[in-house]
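Starting off with a structure, shown below.
The values are calculated or read from the model by the stated rules, or taken from the named source; none is laboratory data. These figures come from a predicted structure and were not determined experimentally. Neighbour counts are summed over all protein chains in view; Cβ atoms, including those assigned to glycine, are modelled from backbone coordinates with ideal geometry. Accessible surface is based on the protein model in full, side chains and every heavy atom, while ligands, DNA and RNA are left aside. Shrake-Rupley method; radii C 1.70, N 1.55, O 1.52, S 1.80 Å.
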Amino acid sequence: DDNTKSVLSEIFGRKIRRDEKILNGLRKRYGKKISALVQTQADVPEKTIVIPNEVGTAPGFIFEGDKGVAIAIPGPPHEAKPH
């Protein structure tokens, strides 16, 4: 699976936490019994700007710090475009 979130979190020295707001949104969209893999999409790096994903499950992130700025757009390419 995609390692972008964990690699950028390591580079920028950020811990990853579960975001209940994102998790609740996923449950609302896909049902209360979502898989463990889908639940990990609610794990976000601390001190980042989260880019919501209204089309799929994986949000994007904007990292800023001493290492510069990195932007990870939401999900696969078709999820990066609004419908």
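Which sequence of Lys47, Lys5, Lys33 reflects their accessible areas, 1.4 Å probe, from the largest down?
Descending accessible area places them as Lys33, Lys47, Lys5.
Which lysines have a Cα less than 16 Å from the Cα of Lys5, not counting those fewer than 8 places away in the same chain?
Lys15, Lys47, Lys67
Further question on the same structure: Mean-square fluctuation check for the chain, GNM, Cα pairs under 10 Å: which of Ala42, Ala58, Ala72 is largest?
It is Ala72.
When the accessible area of the chain is split by element with a 1.4 Å probe, what percent falls to carbon and sulfur?
Looking at the chain in its full context, I get 55 percent from C and S.
When a/c is below 1.5 the answer is rounded, else prolate if a/b is larger than b/c, else oblate, so apply that to region 16-83 with a ≥ b ≥ c taken from the square roots of the Cα gyration tensor eigenvalues.
Verdict is oblate for region 16-83.
Then there is this: Under 8 Å for C-alpha pairs, at least 6 residues apart: give me the relative contact order for the chain, rounded to a whole percent.
25 percent.
What does the charge count near Val44 come to, summing +1 for each Lys or Arg and -1 for each Asp or Glu among other residues with Cβ under 11 Å from its Cβ?
+3
Tell me, what is the per residue accessible area of the chain in Å², probe radius 1.4 Å?
Normalised by residue count, the accessible surface of the chain is 70 Å².
Pick out which of Ile73, Ile22, Ile34 has the largest mean-square fluctuation in a Gaussian network model of the chain, springs linking Cα atoms closer than 10 Å.
Checking each option, the largest mean-square fluctuation is seen for Ile34.
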